[in-house]
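Below is one structure, written out as structure tokens; the observations come after it.
The values are calculated or read from the model by the stated rules, or taken from the named source; none is laboratory data. This structure is a prediction, so every number in the text was calculated from the model and none was measured. Note that each Cβ is placed from the backbone with ideal geometry, even for glycine, and that neighbours are counted across all protein chains shown.
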Amino acid sequence: MTSLAATLFAEPDPQRGGIIFRLLFLIFFVVFLVILYLVRVPLLRFAGEFWIVDDAPENSDAIVVLSGDNYDAVRASRAAALFRSGMAPRVVATGRSLRSYASTTDLMKRDLVDHGVPAAAIIPLNHRAEDTHEEAVAVSELIASHGWKKILLVTSNYHTRRSEYIYERTLPAGTQLRVISAPDSDYDPQSWWRTAEGVRIFFHELGGYLHALWEMRHDDVRTT
């Protein structure tokens, strides 16, 4: 009897309680990993889709095509399609100066003409920007000099989220901005993790977006 009472009213063993807690934590952790594994594909697709913004185009003053087009010229192709549908009377071809006599703007102009944009409707914008923010400053100065108020901004699908964030805070105040996505063969948001190039693009955009958030953290949205 004395032995039974001692067992019932004895102080709990801290060591035993710690073992039980660790066991429960391990079970919870394993269950969490199993759930995460089961939903990994929807989560990866959601993450891939996050980078994409694709506004409905409206009649505007100009279509601006950002530099950095791929081998298939998807940005120029998308911009040309917008021009042919009558969304704007002109296309701004941006490009980085490589030499005093050559720039990537020349390639974009050629791509736009090949896709049906008359040379007379193309406005070249050569710059020496090192990143999207610097390019946005150059584009903003051009827009302000012409007094344009409504802009269609065309870039690759994976680059739209970052471009929207930067251009909203850089273009002249009151500019109506609509960001148009050009599907890129190197980045499929539904399966980006299956290719090395898709993974590289995803994490490049992640780093670039975080940098933009920090760099422009004090800048307010200026567009509508």
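It is to be established whether one or more residues within the range 55-69 are outside the structural domain of Phe203 (by TED's automatic domain parsing), surrounded by 14 or more Cβ atoms within 10 Å (Cβ to Cβ) and modelled with pLDDT of 90 or more. No, that holds for no residue. Any residue that is more than 19 Å from Ala79 (Cβ to Cβ) and β-branched (Val, Ile, Thr) - is there at least one of those in the range 188-196? Checked against the condition, which is being more than 19 Å from Ala79 (Cβ to Cβ) and β-branched (Val, Ile, Thr), the range 188-196 yields at least one hit.
How many residues does the range 67-101 contain that are in contact with a Phe, Trp or Tyr (Cβ under 8 Å, 6 or more places away or on another chain) and part of a helix (DSSP H, G or I)? Number of matching residues: 0.
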